[in-house]
Structures are given as C-alpha cells and as structure tokens.
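The values are calculated or read from the model by the stated rules, or taken from the named source; none is laboratory data. Remember, it's a predicted structure, so these values are computed and weren't measured experimentally. With ideal geometry, Cβ positions are generated from the backbone for all residues, glycine too; neighbour counts draw on all protein chains shown. Only protein heavy atoms, including side chains, enter the accessible area calculation; ligands, DNA and RNA are left aside. Shrake-Rupley method; radii C 1.70, N 1.55, O 1.52, S 1.80 Å.
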Amino acid sequence: TGDECLAGNSPIQGSECCGVVEAMYSYEQLLSLTGDPFWGDRLEQAAFNALPATLSPDMWTHQYDQLTNQPACVRIPDKDVHFTSNGGESHLFGLEPNYGCCTANFGQGWPKFALSAMMRAEEGPAVTALVPAAAEFSVDGAAVRVEVRTEYPFRDTAEIIVTADAPAEFTLLVRIPGFAASARLCGRPEEPGAFARLRRRWEGESRLLLELAFETELVKRPGGLTAVRRGPLVYSAAIAEKWERREYTRDGVERKFPYCDYEILPQS
C-alpha cells in the first residue's frame, strides 16, 4: 500500500488514487520498452480492479486513499487516523477529498490504458491488452486495421479482426494473459504469459478467435485473510450501501451537490 508513503501490507492502510494511475502508466511504459507480457498482466490487474474501485461510475467522485478491505467510508476521528500522513477524510468519495492532486490525475487512467491496448512491434501490430479496441497501421503500403471484440475479463473469449486493403506479410502479436490456465488461438494451443505470433500473408478480412481458460484461486493474504481471484479479477463481497452527502464550505470553497463529498454506510 502507498498512502503517500510506503505503508506496509495492512488491508486498511490504503493506496492513493494517483498511485493507481501512475502505476498503470509505468506498466504501460515498461511493456512498451521491454516487450515483456508480465507488465501487461500487472496493467490489467490495476485497470480491472484498483482503478474502477476508487471511482464512482459517473466519475464525479473518487477516493484519495483506497483500502483493500473497506466495509464503510466514514470520516475517521483525528485521534484514530491510521494513514501515514493523510487526514481522516482521505477515503471518502468526493470531488477532491484530502487534496486535489488525484482530482487532476485520475482522468488519465482510462485514456492511457486505451492508447496502450495495441502497440507496434518490429514484427508487426501487437494486441497488448484484451479490451474492446481498434487501431490502424500501415504495413508495406497496405492499410491494416486490427480490431478486438471482447467482454474479457467477464468472458473468456476475444475475437480479433484483421483487415488489409492490399496483400501484406507481417506477424500479428497477441498477448496471452499469464493468469490463464490454458489458451487457444484459432484452435492452436498458446503459452500463457507470452505473446502468440501469427505470421502470414494477410489480405481482406481475417477473424481470429482467442479462447482462454481460468481457474478460481484462493490466495493467502497478510493478517490471516484470503482473496478470491479468477484471472485478472479480484472478487469482493457485494455490500448494500447508502450514500450520504456531506455539503460544506471550507477555505472559502463551497462543496455542494454534485461536487460534494459522500460517506458510504453499509446496509447489509
């Protein structure tokens, strides 16, 4: 965890929202520079778990500090604050809880992830993240379009559509998630945690089916806890919730709906 400082492995310590998006950007850069699919696995874990967990769906609110185990988001009395340097409102949802840096920073998470879903390797186009995406490349004078249609990680397949307006020979690289127990591309077994490579003469439209198999795991965590993980997804308990507005004025700045703070109370 990192609530401004490296903070150990307590599930209530928290990690800063800025740390999530900056870690994702670091993973994207490392994947680009090294070509090591390991960084794609790390990127997917952050993008499919940590980033959406720290934002409300409409993106009007976010947390400053996100906790792994958090049954409630309520103001922590000053004498009980357990963050290393942040205040007791740091894990509330709001426009800029605790401090405004995450408000300015969290918006880069999804766009940079989308920009990194496909890259260009020396051999040819590379599908680096399994998300719905499309990109256009020029290969030997041919206009090549690569599109991924998928509901991964909530489904276990992806269709990759390659369209070339003229014959072009190149290698298509597809990152196979290291979380998979097994994988098949166009019926051919592929190694999880590696790039599948298809070299051929491409012309017209080609449809490729990627099939993945995952196993549900119980992962031991610090403090005698256990996490449930399947592929890149870490599961959580569904807790009924009640959002209570906190509207106030501080330092001359008025906090009124929709740019107010919220405490979230458990209802189950």
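Key figures for this structure:
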| read-out | value |
| --- | --- |
| Unmet requirement for L33, which otherwise passes all of (1) aliphatic (A, V, I, L, M); (2) open to solvent by 60 Å² or more (accessible area, probe 1.4 Å); (3) in contact with a strand residue (DSSP E or B) (Cβ under 7 Å, 6 or more places away or on another chain) | (3) |
| Answer from F170, F154 - the residue that is part of a loop (DSSP other than H, G, I, E, B) and of a type in the set (F, W, Y) | F154 |
| A72 vs. criteria among the hydrophobic types (A, V, I, L, M, F, W, C), exposed (fewer than 15 other Cβ atoms within 10 Å of the Cβ) and either under 25 Å from S268 (Cβ atoms) or without any contact (Cβ under 8 Å) to a residue 12 or more places away in the chain (or both) | yes |
| Filter result for the condition that a residue is more than 20 Å from the chain's Cα centre (by Cα) and in a loop (DSSP other than H, G, I, E, B), over E136, E123, E159 | E123 |
| Subset of segment 134-156 [open to solvent by less than 30 Å² (accessible area, probe 1.4 Å), touching a Ser or Thr at 6+ places or on another chain (Cβ under 9 Å) and among the hydrophobic types (A, V, I, L, M, F, W, C)] | V144, V146 |
| Test for A180: is it in contact (Cβ under 8 Å) with a residue 40 or more places away in the chain, open to solvent by less than 80 Å² (accessible area, probe 1.4 Å) and not acidic (D, E) | yes |
| Scope segment 101-155; condition more than 17 Å from S26 (Cβ to Cβ) and aromatic (F, W, Y); matching residues | F137, Y152, F154 |
| From the options H62, H82, H91, residue that is surrounded by fewer than 16 Cβ atoms within 10 Å (Cβ to Cβ) and in contact (Cβ under 8 Å) with a residue 40 or more places away in the chain | H82 |
| Selected residue [among the charged types (D, E, K, R), open to solvent by 10 Å² or more (accessible area, probe 1.4 Å) and under 30 Å from T216 (Cβ atoms)] from E169, E159 | E159 |
| Flag if G107 is open to solvent by less than 20 Å² (accessible area, probe 1.4 Å) and over 16 Å from D3 (Cα atoms) | no |
